[in-house]
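The values are calculated or read from the model by the stated rules, or taken from the named source; none is laboratory data. Keep in mind that this is a model prediction, so the values were computed, not measured. We place every Cβ from the backbone using ideal geometry, glycine too, and count neighbours over all the protein chains shown. Protein only, heavy atoms only, side chains kept; ligands, DNA and RNA dropped before computing areas. Shrake-Rupley method; radii C 1.70, N 1.55, O 1.52, S 1.80 Å.
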Amino acid sequence: MAKSFFGGVHPDDMKRLSCEKAITPFPAPKLVTIPMSQHIGAPCKPLVKVGDYVTVGQKIGDNEGLCAPVHASVSGKVKQVAEKPHTNGSLCMAVVIENDGEYTLCPDCQPRESIDGLLPGALISIIREAGIVGMGGAAFPTHFKLSSCIGKIDTLIVNAAECEPYITADDRLLREESERFLKGLRIVMKIFGLDHAYVGIEANKPQAIEAVSAVAGEGIEVVTLRTRYPQGAEKQLIQAIAGRLVPPGTLPAEVGCAVMNAATCAAICDAVYDGMPTVKRVVTVTGRGVKEPANYLVPIGTPFEALLEKAGMVDDPYKVISGGPMMGAAQFDLSVPILKGCNSVLVLTQKERTEVPDPHCIRCGKCITVCPMHLMPLYLYKFERMNHYDNMVDYNIYDCIECGCCAYICPAKIPLVQSFRTAKLELRTVKPREPVKS
């Protein structure tokens, strides 16, 4: 069994709703909306205009700097290039394509039988052109992560923990397509020049552990992890598997480690061997607010409402979330599309409402005992309420990974994570509010 880490919680994982549902191809809708921002970094600039004909896998957006290009997931005519609702709550420039139903493949998408002659730089270039990002939700451009770690790491870890409740997309991927995942992992090992890698899977996924172990082969070690949230967070995963502590304010490469998501590895296999960019991904549609939970292989740009129409939604749902209940974002518009980093659409019912009017901290300290980053959420919340931003920085607000453990355990049901997100946004992008005089 792997080592442990500080803090964390044990919520009901609720994976039983969808974990036995095999991945099913989802039919592309008549219109797909491809946002130009599906990654951390500069948004893409559209490369097409209204009236253009595009094919599956054709690059339709790109930019310089920290950016991952975007591609058409269907073939057809471009109907709009305009701002559209985004899962992050803003409006974002997007390309709307009218699906012609032909799924004509872009001529640039050519398979390779072997990668023996490809050097790390060439492989990273292929990954960049395929628009691959961290598909566990972080959406950091993968090519940038790989290139920045070359020569700095000695330990490669795959995050297959999928620790957040309800989500089973990676579980099903590992069960059904373990060889595809492992081919992608070996490409990453080749890039880093490593002959050994770890695959961390939580103990509540025995079938995935068995499936990967059966075909892992030499140099790939499957590590069974304790079932505890947030086991899949980068720094906690490194501590559990490698026994190394990543210092505050630093990246995993500082301690010689790199962490890749399981779905990202599968996408790398598609790009390098099949020549296919990221135009589809596995999405879990689940929750007590869904009549038929499922795991779908969904074209990027498919609206949430199409998925929920097929899965069936109960009357009067409480909340629709992009992602899981701990770190996901509630949606205000069901026309928002599936993005590369979206692994789940979760529907909660009115019976699952947890907020209370005018919550007050009772200083019980439970949030401190569960914070995996050794922070003091009750003080961070107090400082945020009083607009004392200097104090929040002193108390390491930027180390908060927004895992939601503090909010989950809080008996007063204080929206702690939301307050920390608001504070970080103000610190980074706008002039902070004037402090409240005590």
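Miscellaneous remarks
- Sequence-distant contacts, meaning Cα pairs under 8 Å at least 6 residues apart, place the relative contact order of region 1-125 at 23 percent.
- Percent RCO, i.e. relative contact order, over region 239-344, from Cα pairs under 8 Å lying at least 6 residues apart: 22
- Antiparallel bridges, percent of DSSP beta bridges restricted to the chain (to nearest 5): 65
- Shown here for region 179-228: GluC sites (Glu not before Pro) in loop regions (DSSP other than H, G, I, E, B) with at most 15 other Cβ atoms within 10 Å, namely Glu218.
- Accessible surface ranking that places the most exposed of Asp13, Asp316 first, with a 1.4 angstrom probe: Asp316, Asp13
- Per-pair calculated FRET efficiency, R0 = 45 Å: Glu434 and Arg16 via Cβ, rounded to 0.05: 0.35
- A Gaussian network model of the chain, with springs between Cα atoms under 10 Å, assigns the largest mean-square fluctuation among Pro415, Pro141, Pro325 to Pro415.
- Normalised contact order of region 41-83, rounded percent, pairs of Cα under 8 Å and 6 or more residues apart: 45
- Taken over region 299-438, the percentage of Cα pairs per 5 Å bin, counting from 0 up to the bin with the maximum distance, is 2, 9, 16, 18, 16, 15, 11, 8, 4, 1, 0.
- For the chain, the solvent-accessible area works out to 44 Å² per residue, with a probe of 1.4 Å and every protein chain left in place.
- List Leu251, Leu185, Leu348, ordered by accessible area with a 1.4 Å probe, largest first: Leu251, Leu348, Leu185
- Rounded to the nearest 20, the Cβ-based charge dipole of region 323-429 about its Cα centre (Lys and Arg +1, Asp and Glu -1) stands at 220 debye.
- Stokes-Einstein D (µm²/s) once Rh is taken as the Kirkwood radius of region 31-81 over alpha-carbon pairs, at 4 °C in 1.567 mPa s: 117
- Peptides 101-111, 156-166, 331-341, 82-92 ranked from most to least packed, by the mean per-residue count of other Cβ atoms within 10 Å: 156-166, 331-341, 82-92, 101-111.
- Value at 222 nm in deg cm²/dmol, rounded to 500, when DSSP H runs of n ≥ 4 in the chain each add -39,500 (n - 2.57): -8000 deg cm²/dmol
- The stretch between Glu254 and Ala122, if pulled fully straight at 0.36 nm per residue, gains 45.0 nm over its current Cα-Cα span.
- Ranking Gln350, Val212, His388 by Cα position along the charge dipole of the chain, where only Lys, Arg, Asp and Glu carry charges on their C-beta atoms, puts His388 farthest toward the positive end.
- Between the beta carbons of Lys291 and Arg353, assuming R0 = 25 Å, the FRET efficiency works out to 0.80 to the nearest 0.05.
- Relative intensity, log₁₀ I(q)/I(0), of the chain from a Debye sum that treats every alpha carbon as a point, q = 0.08, 0.09, 0.11 Å⁻¹: -0.44, -0.57, -0.87
- Global size of region 102-233 as Cα Rg and Dmax, reported in angstrom: 15.7, 46
- Exposure rank, largest accessible area first [Leu174, Leu66; 1.4 Å]: Leu66, Leu174
- Here the chain has 53 percent of its accessible surface on carbon and sulfur atoms, given a 1.4 Å probe and all protein chains in place.
- Rh by Kirkwood over Cα pairs, then Stokes-Einstein D for region 1-72 at 0.692 mPa s and 37 °C, µm²/s: 198
- Neighbours of Gly134 by Cβ distance under 13 Å: Lys/Arg scored +1, Asp/Glu scored -1, total +1.
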